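Working notes for the structure below.
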Amino acid sequence: MGVRKDAGAAEQWVVGEDDMSCINRFAKKILTADEVYTFAVRLCDNEVDRDFERFDEPALSTLGDLFVGKSGVFDHQWSALGQTARIYRTEMAREAGRVTAAGDGYCYLKAWAYLLKTEKSADLIGESEGGIKKEVSVGCAVGRSVCSICGEESGTCQHQKGQTYGSQLCYAELREPTDAYEWSFVAVPAQREAGVLKRFGQKTDTGLAQYVGQKKEFREAWDTLQKQAEMGRSYLAGLRREVVRLALVSDEDLDGTVFQGIADKLEESELLELKKAYEARTEKRLSIQLRRAGREVKDGDGEVFRV
């Protein structure tokens, strides 16, 4: 899946010999410090964002390697005309004493980028130094999106992002990055520290990614999947309620709260088996009650047991 995560403010960086050595790996001619403008950015972190998602720390470390050499653009528009800068090195950074909403130490991916000092880049340099252009967002692909409550793939379980279960917040943890596409200057971030826009998509045969929302057919497909997922969740919720109802009818000594907790953990096939078993027990119990009341029930008289 593809994701976009925004970052923090751009920070000017004094270029040194080591920086120029890294920069010149990407240049066709040997550049000097006077020809380049360098700055540092916070690409992404491990905090739970406004969409109730976050990168785990190993993912940030992997992204650090993947983003070296990647171009910076504007608003995730993949055009050579929009290329502005290139990342030449990254590192993991930490803030001592700070804890994330997930309960672990806060860390983020810091990157250093360069651009050429030209008439075209003069405005961007001025806006960067003036604090106008400072939020950035990353476009990347991750292998897994995991539910923080149960560890299953996010979206495939019954837990909803943003909800609290017991005292535990449900969020999706993004793991195992597989590719980094680009990073962008953006206006509206989603991460509180940075400002993150992310979208999900998939790679094409050419190695690029088409993000959901950029193409009409992708939006329609995404909407259809969302509706189908909601229907599936509603069906399972109804099935669980019916199983609990039948269980309580067939066994009045059963603790409804405890059994509800058990039913919430069961899959469709298990629920259907329980439903079948409790329907048989309920029918048998009602049959006994009716006989005790003085009414003989004939075989096949299903009308008696309709509730």
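The values are calculated or read from the model by the stated rules, or taken from the named source; none is laboratory data. The structure presented is a predicted model; accordingly, all values stated were derived computationally and were not measured. Positions of Cβ are backbone-derived with ideal geometry, glycine not excepted, and every protein chain shown enters the neighbour counts. The accessibility values were calculated without ligands, DNA or RNA, using every heavy atom of the protein model including side chains. Shrake-Rupley method; radii C 1.70, N 1.55, O 1.52, S 1.80 Å.
Just checking, which of ARG50, ARG54 is among the charged types (D, E, K, R) and either at pLDDT below 90 or closer than 19 Å to TYR181 by Cβ (or both)?
Step by step, each of ARG50, ARG54 is checked, and only ARG50 is among the charged types (D, E, K, R) and either at pLDDT below 90 or closer than 19 Å to TYR181 by Cβ (or both).
Pairs under 8 Å by beta carbon, first residue of a type outside the set (Asp, Glu) in region 45-73, partner assigned to a helix (DSSP H, G or I), six or more apart or different chains?
ASN46/GLU57; ASN46/LEU60; PHE55/LEU63; VAL73/GLY82
Look at GLU268 and say whether it is open to solvent by less than 90 Å² (accessible area, probe 1.4 Å) and at pLDDT 80 or above.
Here the answer is yes, as GLU268 does meet what is asked.
Output the number of the condition that GLN191 fails; it satisfies all remaining conditions of (1) open to solvent by less than 20 Å² (accessible area, probe 1.4 Å); (2) at pLDDT 85 or above.
Checking GLN191 against (1) open to solvent by less than 20 Å² (accessible area, probe 1.4 Å); (2) at pLDDT 85 or above, the one that fails is (2).
For region 11-45, how many residues meet the condition of being part of a helix (DSSP H, G or I) and among the polar types (S, T, N, Q)?
Number satisfying all stated conditions: 1.
How many residues are closer than 22 Å to LEU225 by Cβ and in contact (Cβ under 8 Å) with a residue 24 or more places away in the chain when one looks only at region 155-175?
Looking only at that region, the number is 10.
Against the conditions (1) modelled with pLDDT of 80 or more; (2) surrounded by 12 or more Cβ atoms within 10 Å (Cβ to Cβ); (3) under 22 Å from the mean Cα position of the chain (by Cα), where does ARG86 fall short? Just the number, please.
(3)
Against the conditions (1) surrounded by 15 or more Cβ atoms within 10 Å (Cβ to Cβ); (2) at pLDDT below 90, where does CYS147 fall short? Just the number, please.
CYS147 satisfies all of (1) surrounded by 15 or more Cβ atoms within 10 Å (Cβ to Cβ); (2) at pLDDT below 90 except (2).
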